[in-house]
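These notes concern the structure reproduced below.
The values are calculated or read from the model by the stated rules, or taken from the named source; none is laboratory data. Being a predicted model, the structure only gives us computed values, none of them experimental. Cβ coordinates were reconstructed from backbone atoms using ideal geometry, including for glycine residues, and neighbour counts include every protein chain displayed. For accessibility, only protein heavy atoms count, side chains too; no ligands or nucleic acids. Shrake-Rupley method; radii C 1.70, N 1.55, O 1.52, S 1.80 Å.
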Amino acid sequence: MKNEPDENPPTDRESPVGEPVIRRDPEVAGRGAVRFSPDDPESVAEAADTVRRFASNTAGAEDNVYMLRGAAACAALVRGTGSYKTAAERADGDATVSFIRKWARVHDLPRSIRRHVALGEIAPTAAKHIARVSGESRFLLAWATLDHGLTVREVRSIASRVNEGTSVKDALAAEGVDLGALSVSLPPDTYRELRRHAGLEATDPDDIVARALDEYL
């Protein structure tokens, strides 16, 4: 039976700002996730301190979960102070408006993308550029990054082209990436039947897989 999710999946964060949805997942980080609340003055103060140390690179080990924690602090500080400018003034130090804006956007990415960042499959610096594009484009760019091993430079270039009005497909093609191309491994029996049906229908296996996934999704 075909699943019936929303016609257009959400392209922004759904959970509360500062909530460690990904960071508290045992598979990702285990214990020690910090929650930042933009409505709690003490939490906002903690966020400001975290952003200050994050910007000066002295807040802890430079890993992906650490980056997401810094992004969460940036987002909470912005919400708690009301503007990027005020957030930068509150954090002080090396935390500029541009720095806070970029990382707050990462925190606002959909959970499905942030999880790959936390697992180390998408570099946090690449996530900053994925977050620059909006709508379904950020999903397409994120999945292309995963499936084709795009470098941060390539992701930055593609995001810039998209923001200048180029379609995601054309922007990816400029970097030699075929949007939608995906390599999969199937159990031998499934592979045999897929090829058999494709031969009987005189069609490509891609078409059968696409139809099957359309029914499933």
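Taking the stated definitions as given, is residue 125 farther than 22 Å from residue 37 by Cβ, open to solvent by 50 Å² or more (accessible area, probe 1.4 Å) and not in a loop (DSSP other than H, G, I, E, B)? It is true that residue 125 is farther than 22 Å from residue 37 by Cβ, open to solvent by 50 Å² or more (accessible area, probe 1.4 Å) and not in a loop (DSSP other than H, G, I, E, B).
Within the stretch 80-111, can you find the residues that are in contact with a Pro (Cβ under 8 Å, 6 or more places away or on another chain) and either farther than 22 Å from residue 39 by Cβ or of a type in the set (Val, Ile, Thr) (or both)? Those that are in contact with a Pro (Cβ under 8 Å, 6 or more places away or on another chain) and either farther than 22 Å from residue 39 by Cβ or of a type in the set (Val, Ile, Thr) (or both): 106, 110. Just one of the numbered conditions (1) within 18 Å of residue 71 (Cα to Cα); (2) in a helix (DSSP H, G or I) is not true of residue 156: (1).
Could you list, in sequence order, the residues of the stretch 82-122 that are open to solvent by 60 Å² or more (accessible area, probe 1.4 Å) and closer than 19 Å to residue 156 by Cβ? Residues satisfying the conditions are 96, 101, 102, 105, 121. Scanning the stretch 162-217 for residues that are surrounded by fewer than 11 Cβ atoms within 10 Å (Cβ to Cβ), without any contact (Cβ under 8 Å) to a residue 40 or more places away in the chain and either touching a strand residue (DSSP E or B) at 6+ places or on another chain (Cβ under 6 Å) or not in a helix (DSSP H, G or I) (or both) yields 164, 165, 176, 183, 184, 185, 187, 202, 204. Looking at 23, 105, just one residue is modelled with pLDDT under 90 and either under 19 Å from the mean Cα position of the chain (by Cα) or part of a loop (DSSP other than H, G, I, E, B) (or both), and that residue is 23.
Quick check on residue 133: is it modelled with pLDDT of 90 or more, of a type outside the set (Phe, Trp, Tyr), over 8 Å from the mean Cα position of the chain (by Cα) and in a loop (DSSP other than H, G, I, E, B)? Answer is yes for this residue.
Remark: pairs (first residue in the stretch 29-56, closer than 17 Å to residue 103 by Cα and modelled with pLDDT of 85 or more; second residue open to solvent by 70 Å² or more (accessible area, probe 1.4 Å) and among the aliphatic types (A, V, I, L, M); Cβ separation under 8 Å; 6+ apart in sequence or on different chains) are absent.
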